[in-house]
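The values are calculated or read from the model by the stated rules, or taken from the named source; none is laboratory data. Fair warning: this is a prediction, and the values are worked out from it, not measured in the lab. When we count neighbours, we look across all protein chains shown, and the Cβ atoms used for this are built from the backbone with ideal geometry, even at glycine.
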Amino acid sequence: MNILDYIVIACYIIGFLLLGRAFKNASSREDYFLGGRSFHWFPLSMSTAATQLSAISFISAPAFVGLKEGGGMKWLTFEFAVPLAMLFLMVYLVPPMFKMGIVSVYEYLENRFSTSTRVLLSSVFQVSRGFATSVMIYTVALILTSVMDVPMWFTIIIIGLVTLIYSYQGGMKAVVYGDVIQMIILFLGIIICLGFGLYHLGGWDDFTNYVDRDRLQAVDFGSMGFSNDEFGFWPMVIGGFFLYASYYGTDQSQVQRLFSAKDIPTVRKALLCNGLMRFPITLTYCIMGLIIGTLVMRAPEFKAMIPVDKPDLMIPIFIREYLPHGVIGVLMVAIFSAAMSSLSSTINSLSAASVEDFFNRDKNLDDQTYQRYSKIAAVFWGVFCIVFAFFTGDIAKTVIEAINKIGSVFYGPILATFICAIGIKRTHSLGVNLGLITGVLVNVILWQFHPEIFWFWWNAIGAVVTLAVAVLTSMIIPRESKTMQTFGFDKAGLTNIILLLGYFVLIVIISIAIPSLI
């Protein structure tokens, strides 16, 4: 990197500090955490996509596809269940919660069941999301340090502090519009890497001639995920449905964006767009990974620069060695963008959950006090993520894998809890709480004693167990249960259903056809 690259990075950082100031006049909880419920579907969709297209995705996924042992285009199977999950959220889960006008998704559980259910799930979300984000910051800082002549502590501070400042000042508006900018920069970075990779490889024909054909196989209908096998079609679709429905529909960091929409049709459009947008983006960075991975195999000097035990350095080293100055700065900005997008969403959603679920459950805080608590919470969680990033250390790789598994321990049971709250009227607080605990325990047992079962299945198994125990307990031990607004869909919803089901079939067909297309 030279002075031109550092100027590009500095301009980017200054721009985001000014972005926070531009939206600093939020005066109420709806302004700060929901952007005044004024967002249209496009910025909400772009914001969600930017959070999903994290720095880890930009760096690790291409390395998995193009270089890691056992990798390849099977990464695409992560996307198969997304359209199905968006459809479920659109017609069942999100509309009744949106109509309540809540900030914290966990408030719905208190209104339907009990305070204990709300506080428990909110606490799990806050601790796990804060810790996971600190790991993300550490991992990105480690990678940036490998290509930039700056110490790691400085990189962590820059990522954390800049994001904290603009999130603190501007609230949800700064987060969403910042994500839109970051999404554009990040996708531009993917296209740049793809184009320069093809250029240095000699063009598309040379790529198709030299690519490892074994890495083109994306879909495996024979692998069921019960015998130490992974990425089979059925576990990725069934387990993935429960995972994504829970993540997008019950996780505060994601649902808060939907609650920021101006009306239900906007929510539907945002979910539809997200269901359609993810696969093309993932396909693009997977092809980028294949191209650069093929270049690694064709260029011994490039391969020698990548430590055998650190294939994730493939993209950063490619940026450093194969791109011109100025463009290097843009790509470093792309990585910064991905990290900051994930962190800004985390800070805002964690502070919303803290204030709403712990301090304002009775709705007794005036706007001034609410604003003060919100900003204190934002600072606390920003500092939390930054400080814990320093303590992640060399266990980061293990922790990232563990966090993914921990998420799958909880996602299914949490989704089942919301399904009971919205659509199964006879369930009550005792039944749901017992179901939740049982579902989590079953998943923990699977993790500890049945490692041959692919962890994607835990999402489905935990949900089914939770539902069964909740319904049976509620039947055996009758108690008065509160009822809430149920779901429904109109003609616009029916059109979306047909579109998303058709799109699911389409992306599976495209994935199957990849070996013959490349």
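Of the residues screened, residue 68 is one that is in contact (Cβ under 8 Å) with a residue 40 or more places away in the chain and outside any helix (DSSP H, G or I).
Inside region 13-54, residues that are at pLDDT below 80 and under 20 Å from residue 82 (Cβ atoms) make up a count of 5. Checked against the criterion of being within 30 Å of residue 268 (Cα to Cα) and in contact (Cβ under 8 Å) with a residue 12 or more places away in the chain, region 151-164 has at least one qualifying residue.
Please work out which residue is surrounded by the fewest Cβ atoms within 10 Å (Cβ to Cβ), limiting yourself to region 80-110 and to residues that are in a loop (DSSP other than H, G, I, E, B) and in contact (Cβ under 8 Å) with a residue 24 or more places away in the chain. Step by step, filter region 80-110, then rank; the result is 100. In the set (1) in a helix (DSSP H, G or I); (2) out of contact with any Pro (no Cβ under 6 Å at 6 or more places or on another chain); (3) not polar (S, T, N, Q), residue 440 fails one condition alone, (2). Here the condition is being in contact (Cβ under 8 Å) with a residue 60 or more places away in the chain and in contact with a strand residue (DSSP E or B) (Cβ under 6 Å, 6 or more places away or on another chain); of 267, 379, 327, it holds for 267 alone. If we scan region 183-191, do we find a residue that is surrounded by fewer than 20 Cβ atoms within 10 Å (Cβ to Cβ), modelled with pLDDT of 90 or more and either closer than 30 Å to residue 462 by Cα or not small (Gly, Ala, Ser) (or both)? Scanning region 183-191, I find at least one residue that is surrounded by fewer than 20 Cβ atoms within 10 Å (Cβ to Cβ), modelled with pLDDT of 90 or more and either closer than 30 Å to residue 462 by Cα or not small (Gly, Ala, Ser) (or both), so the answer is yes. Please verify whether residue 176 is touching a Pro at 6+ places or on another chain (Cβ under 7 Å) and within 25 Å of residue 59 (Cα to Cα), treating the condition exactly as stated. Spelling it out, residue 176 is indeed touching a Pro at 6+ places or on another chain (Cβ under 7 Å) and within 25 Å of residue 59 (Cα to Cα).
Sub-6 Å Cβ pairs linking a first residue in region 229-244 that is crowded, with 22+ Cβ neighbours inside 10 Å to a second residue that is aromatic (Phe, Trp, Tyr) and at pLDDT 95 or above, at least 6 apart or interchain, are 235/457; 236/80; 239/457, ordered by first then second residue. Residues that are in contact with a strand residue (DSSP E or B) (Cβ under 8 Å, 6 or more places away or on another chain) and either crowded, with 23+ Cβ neighbours inside 10 Å or at pLDDT below 95 (or both) do not occur anywhere in region 291-304. Being surrounded by fewer than 18 Cβ atoms within 10 Å (Cβ to Cβ), modelled with pLDDT under 85 and assigned to a helix (DSSP H, G or I): is that true of residue 128 here? Spelling it out, residue 128 is indeed surrounded by fewer than 18 Cβ atoms within 10 Å (Cβ to Cβ), modelled with pLDDT under 85 and assigned to a helix (DSSP H, G or I). Taking first residues from region 208-219 that are surrounded by 13 or more Cβ atoms within 10 Å (Cβ to Cβ) and partners that are of a type in the set (D, E, K, R), the Cβ contacts under 8 Å between residues at least 6 apart in sequence or on separate chains come to 210/298; 217/74; 218/74; 219/74.
Determine which member of the set 436, 430, 415, 446 is modelled with pLDDT of 90 or more, over 26 Å from residue 226 (Cα atoms), surrounded by 14 or more Cβ atoms within 10 Å (Cβ to Cβ) and aliphatic (A, V, I, L, M). Show your work before the answer.
On the way: 436 fails: over 26 Å from residue 226 (Cα atoms); 415 fails: over 26 Å from residue 226 (Cα atoms); 446 fails: over 26 Å from residue 226 (Cα atoms).
One residue alone meets the criteria, 430.
Would you check if there is a residue in region 272-290 being in contact with a Cys (Cβ under 7 Å, 6 or more places away or on another chain), farther than 30 Å from residue 417 by Cα and surrounded by 19 or more Cβ atoms within 10 Å (Cβ to Cβ)?
yes
Of the residues screened, residue 113 is one that is under 25 Å from residue 466 (Cβ atoms) and surrounded by 22 or more Cβ atoms within 10 Å (Cβ to Cβ). The residues listed here are 376, 395, 347; of these, the one that is at pLDDT below 90, over 21 Å from the mean Cα position of the chain (by Cα) and part of a helix (DSSP H, G or I) is 395. Considering only region 67-79, I want to know if a residue exists there that is touching a helix residue (DSSP H, G or I) at 6+ places or on another chain (Cβ under 7 Å), closer than 21 Å to residue 269 by Cβ, buried (at least 23 other Cβ atoms within 10 Å of the Cβ) and not β-branched (Val, Ile, Thr). Yes. Evaluated against (1) buried (at least 18 other Cβ atoms within 10 Å of the Cβ); (2) over 22 Å from the mean Cα position of the chain (by Cα); (3) among the polar types (S, T, N, Q), residue 139 falls short on exactly one condition, (2). Within the bounds of region 152-172, is there any residue that is touching a Ser or Thr at 6+ places or on another chain (Cβ under 6 Å) and surrounded by fewer than 23 Cβ atoms within 10 Å (Cβ to Cβ)? Within region 152-172, one or more residues are touching a Ser or Thr at 6+ places or on another chain (Cβ under 6 Å) and surrounded by fewer than 23 Cβ atoms within 10 Å (Cβ to Cβ). Would you please name the residue that is surrounded by the fewest Cβ atoms within 10 Å (Cβ to Cβ), looking only at residues in region 449-467 that are of a type in the set (A, V, I, L, M) and part of a helix (DSSP H, G or I)? So the residue we want is 464.
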